[in-house]
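**Q** Dumping the structure here so I can ask a few things about it.
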Amino acid sequence: MTDARRRVSLSLRARVALAFLLTTAVAMLALGTFVHFRVEETLEDGLRDQLEAEMNGLLVAPPEERLRAVRELRGDIHGQVLDPDGTALASSPAVAEPIMDRDDEDDDGFSGGRLRVRDDLGERGERPEIDNERVLILTRTADDQVVVLAIEREEADDAVEAVGRQLLISGPVALALAGLLGYVVAGWGLRPVERMRARAATISSRSAGERLPVPPAAELHRLAVTLNAMLDRLDDGLERERRFVADASHELRTPLALLLTEVELALTGDRSPDALREALRSAEVEVRRLITLSEDLLAIASADGGGLSVTAGELDLAEVVTEVVARFQARAEGLGRSVTAEALGSARLVGDGEQLRRVTSNLVENALRHGAGDVEVVVAGGGDTVWLAVSDEGAGFTVERPLERFSGSHDSTGLGLAIVDEIVRAHGGTIELTREDDRTVVRIGLPVSRY
């Protein structure tokens, strides 16, 4: 594999790996955010449940028992009992100042809840003032007493931070694994493509018939089938071209050999002026045949290249037919036959006059050369189609596909009817070969306006 091909392959694999990476990153970001807030919410609900349970126990106790219970509070829960004026009646051991201040603007409530713990708690170390971001404060009123409970959120916050750190550590690892997995999966998925590419690199004109391997995966299966169908068409075209070249070479060999023979005979010995003129006439016939064959080959080559020249213009097909038939009158009379033209209805259409003259000439030429009896040419218009029919009294076509090139039937070079077929199809028309009333009929249908 060349460097350029390797870069293309790696680029595609990198894009797949990047897609895996981005997808995993988005999924992990969403999941991590959900887990972080869910853990935080769950821990806070747990702290609130502890306060609620402790508060419910204090509220049902008698006032004196409530004061004693608050003074004995230990651990992370701190409490204080205030009278309606905000004076502390009882405080837990760690509380240094009132947790809640009396709200002068509201005679029924307290505000500014803050927790200041004592700094002489020994093993717990210094405990600075903790505001509402570090504690959860719950207030209830009973028996003219305000019960305030607070619980520190430090452990819960530490747990949330630990979860965040774990996500930050595991996230990059997961992303790296996702990218590596995407790269490996892309390479595995592209292996059938590489096999197809390697096989395609070995296929040439000398290995016709070879096809690409067809992977089982649906998408690649369809791609391989499509490419193999394209190779079938290319093989068919190559085979046609080879046959065309072989047939054209065969057709050219005969007139060239005859022409060379005439020239050699003219150059040998002392020949009379009459003999030389006869040799020149024979050479002229072969040269004209070569010119006709060359024109036919050029027309077929243009049609194969998609470049058959069709110059659209409005014309009367009946006039074209009359002109062509007039050129063949003398030849037909010399053969003891006749060529007639008949027009039925309007025959005006949009097409290439020169090409349609060639169509008519080829059909009449074939009828005179290979047919029998009188030749009738009928032009009929009707609706959106103009019909051209050329018939003779011959036995018909002797090959299975008379429109095929070099079929050798009803045709001096094997190309006349093939060229007619190409020109008709270039005009968007149809061609039909039939036998009607013991006559061989070639019927052509041309659209009135295709352009």
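**Q** Tell me whether the range 86-109 contains one or more residues that are farther than 27 Å from THR42 by Cα, surrounded by 16 or more Cβ atoms within 10 Å (Cβ to Cβ), at pLDDT below 80 and in contact with a Gly (Cβ under 6 Å, 6 or more places away or on another chain).
**A** Among the residues of the range 86-109, at least one is farther than 27 Å from THR42 by Cα, surrounded by 16 or more Cβ atoms within 10 Å (Cβ to Cβ), at pLDDT below 80 and in contact with a Gly (Cβ under 6 Å, 6 or more places away or on another chain), which makes the answer yes.
**Q** ALA150 - would you say it is in contact with an Asp or Glu (Cβ under 8 Å, 6 or more places away or on another chain), in the same structural domain as THR24 (by TED's automatic domain parsing) and either charged (D, E, K, R) or at negative phi (or both)? Can you show your working first?
**A** Values: in contact with an Asp or Glu (Cβ under 8 Å, 6 or more places away or on another chain): no; in the same structural domain as THR24 (by TED's automatic domain parsing): yes; either charged (D, E, K, R) or at negative phi (or both): yes.
When the stated conditions are applied, ALA150 does not pass them.
**Q** Out of ALA299, ALA312, ALA326, report the one residue that is modelled with pLDDT of 85 or more and either not assigned by TED's automatic domain parsing to the domain that holds ILE419 or not aromatic (Phe, Trp, Tyr) (or both). Working first, answer last.
**A** Details: ALA299 fails: modelled with pLDDT of 85 or more; ALA312 fails: modelled with pLDDT of 85 or more.
Answer to the selection: ALA326.
**Q** Moving to a separate point now. Return the only residue of VAL364, VAL379 being within 14 Å of LEU315 (Cα to Cα), among the β-branched types (Val, Ile, Thr) and either touching a strand residue (DSSP E or B) at 6+ places or on another chain (Cβ under 8 Å) or assigned to a loop (DSSP other than H, G, I, E, B) (or both). Write out each step before concluding.
**A** Numbers: VAL364 fails: within 14 Å of LEU315 (Cα to Cα).
Selected residue: VAL379, the only one of VAL364, VAL379 that is within 14 Å of LEU315 (Cα to Cα), among the β-branched types (Val, Ile, Thr) and either touching a strand residue (DSSP E or B) at 6+ places or on another chain (Cβ under 8 Å) or assigned to a loop (DSSP other than H, G, I, E, B) (or both).
**Q** Another question, if that's okay. Quick one: which of ASP270, ASP236 is acidic (Asp, Glu) and at pLDDT 75 or above? Don't jump to the end; show me each part of the working.
**A** Details: ASP270 fails: at pLDDT 75 or above.
Every option except ASP236 fails the conditions.
**Q** Next up: In the range 318-342, what residues are without any contact (Cβ under 8 Å) to a residue 12 or more places away in the chain and of a type in the set (Gly, Ala, Ser)?
**A** ALA326, ALA330, GLY334, GLY336, listed by residue number.
**Q** Turning to a different aspect of this structure: Taking the stated definitions as given, is GLY371 crowded, with 20+ Cβ neighbours inside 10 Å and among the small types (Gly, Ala, Ser)?
**A** Numbers: crowded, with 20+ Cβ neighbours inside 10 Å: yes; among the small types (Gly, Ala, Ser): yes.
Yes; evaluated as a whole, the condition is true for this residue.
**Q** Give me the residue from the range 48-96 that is free of Cβ contacts under 8 Å to residues at least 12 places away in the same chain and assigned to a helix (DSSP H, G or I) and, out of that set, farthest from GLU154 (Cα to Cα).
**A** Within the range 48-96, the match that is farthest from GLU154 (Cα to Cα) is GLU64.
**Q** Same structure again: Would you check if GLU278 is farther than 17 Å from ASN362 by Cβ, assigned by TED's automatic domain parsing to the domain that holds LEU252, modelled with pLDDT of 75 or more and surrounded by 11 or more Cβ atoms within 10 Å (Cβ to Cβ)? Spell out how you get there, then give the answer.
**A** Values: farther than 17 Å from ASN362 by Cβ: yes; assigned by TED's automatic domain parsing to the domain that holds LEU252: yes; modelled with pLDDT of 75 or more: yes; surrounded by 11 or more Cβ atoms within 10 Å (Cβ to Cβ): yes.
So GLU278 passes the test.
**Q** List every residue pair whose Cβ atoms sit under 8 Å apart, with the two residues 6 or more apart in sequence or on different chains, where the first one lies in the range 245-273 and is in the same structural domain as VAL287 (by TED's automatic domain parsing) and at negative phi and the second, anywhere, is modelled with pLDDT under 75 and β-branched (Val, Ile, Thr).
**A** Here the result reads GLU251/THR413, each pair linking the range 245-273 to a residue that is modelled with pLDDT under 75 and β-branched (Val, Ile, Thr).
**Q** Can you confirm whether LEU415 is at pLDDT below 85, closer than 26 Å to THR311 by Cβ and surrounded by 18 or more Cβ atoms within 10 Å (Cβ to Cβ)? First the steps, then the outcome.
**A** Details: at pLDDT below 85: yes; closer than 26 Å to THR311 by Cβ: yes; surrounded by 18 or more Cβ atoms within 10 Å (Cβ to Cβ): yes.
So LEU415 passes the test.
The values are calculated or read from the model by the stated rules, or taken from the named source; none is laboratory data. Just so we're clear, the structure is a prediction, and the values are computed from it rather than from any experiment. Neighbour counts run over all protein chains shown; Cβ positions are idealised from the backbone, glycine included.
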